[in-house]
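Have a look at the structure below before the remarks.
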Amino acid sequence: MKTVWNIIAILAVINLAAILGVTLWLVNSDRLNSDRVQRVREMLAVTSAEEKVKLEADTAAKVVETRTESDQAKRVGPSITSDQSIAATRERGEAELASVIRIREESRQLQAALQKQQSDLEKERAAIEELQKKLDAKQAEINKTGGDKQFRQALAALEAQKPAAAKQILQVLMADGKRAETLDYLAAMDEGVRAKIIGEFAKSNDGVAAELLEGLRTRGITAPSSPSATPRPPRSP
């Protein structure tokens with residue numbers, strides 16, 4: 001009895017080794033993989049009777065699908081002819097052309113409206129600029145009138161001073177960098193008063209007196225002929 005069991009065990013080991021060998025050969029030769037194993041499992045999980053019922057159901061579904069497609073083809077009707085296709089294409093082209101023409105016309109109208117709006121804005125801007133120029137001119141006239149009045153008042157006050165005092169006032173203006181205003185006052189003064197003030201400058205600084213006389217000359221006013229107003233020549237060292 002023991003011998004029989006030993007034989008059975010040896011045969012089982014041999015069969016298991018053979019199965020493992022065949023399995024390894026199938027895997028190494030790429031004849032067996034996880035997907036094929038899964039399909040074999042699925043195939044063996046269904047009985048012959050169940051597979052027959054499934055095949056009959058698939059066949060019936062295909063028949064129904066074929067009949068549905070046939071019914072749809074009948075409802076659609078026969079295919080259009082080449083002339084009908086050309087006519088349909090022409091109609092689509094005409095519709096697209098009309099759409100393009102309409103878009104171009106709308107674009108032209110929009111551009112015309114924008115140009116008119118731009119023209120109106122430019123006219124308004126020009127009118128505003130013209131009004132601003134008039135206001136500026138009016139303000140300049142007002143400023144000039146007021147400035148002339150103030151200048152005349154200051155000139156009268158300056159002429160009322162003694163020459164030495166007037167010279168000191170003008171010297172302060174020049175120290176503040178207002179040389180042009182100093183020349184304006186001297187040019188507008190009475191010639192006799194101007195000569196005395198220039199004489200006061202000449203007493204203390206020949207260079208300043210000469211500078212003032214040159215500035216007056218450029219304004220068309222000649223040097224005074226009074227000896228007291230004529231700058232003294234530079235002293236020799």
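What the table shows:
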item	result
Considering residues of the range 140-176 that are of a type in the set (Asp, Glu) and under 52 Å from the mean Cα position of the chain (by Cα) only, the residue modelled with the highest pLDDT	Asp176
Glu106 being part of a helix (DSSP H, G or I) and either modelled with pLDDT under 90 or touching a helix residue (DSSP H, G or I) at 6+ places or on another chain (Cβ under 8 Å) (or both)	no
Unmet requirement for Gln161, which otherwise passes all of (1) in a helix (DSSP H, G or I); (2) more than 15 Å from Ile221 (Cα to Cα)	(1)
Restricting the range 220-237 to residues that are loosely packed, with under 11 Cβ neighbours inside 10 Å and among the small types (Gly, Ala, Ser), the residue that is modelled with the lowest pLDDT	Ser236
Spans of helices (runs of 4 or more DSSP H) in the range 177-219 with at least 2 residues at pLDDT below 90 and over 60 Å from the mean Cα position of the chain (by Cα)	191-204, 206-218
Residues located in the range 18-38, provided they are exposed (fewer than 10 other Cβ atoms within 10 Å of the Cβ) and either among the charged types (D, E, K, R) or touching an Asp or Glu at 6+ places or on another chain (Cβ under 6 Å) (or both)	Asp30, Arg31, Asp35
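Yes/no per residue for (1) modelled with pLDDT of 80 or more; (2) in a helix (DSSP H, G or I); (3) surrounded by 10 or more Cβ atoms within 10 Å (Cβ to Cβ); (4) of a type in the set (A, V, I, L, M, F, W, C):
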| residue | (1), (2), (3), (4) |
| --- | --- |
| Ala49 | no, yes, no, yes |
| Ala88 | yes, yes, yes, yes |
| Gln111 | yes, yes, yes, no |
| Glu122 | yes, yes, yes, no |
| Ile128 | yes, yes, yes, yes |
| Lys138 | no, yes, yes, no |
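The values are calculated or read from the model by the stated rules, or taken from the named source; none is laboratory data. The structure presented is a predicted model; accordingly, all values stated were derived computationally and were not measured. Every residue, glycine as well, gets a Cβ built from its backbone with ideal geometry; the counts of neighbours run over all protein chains shown.
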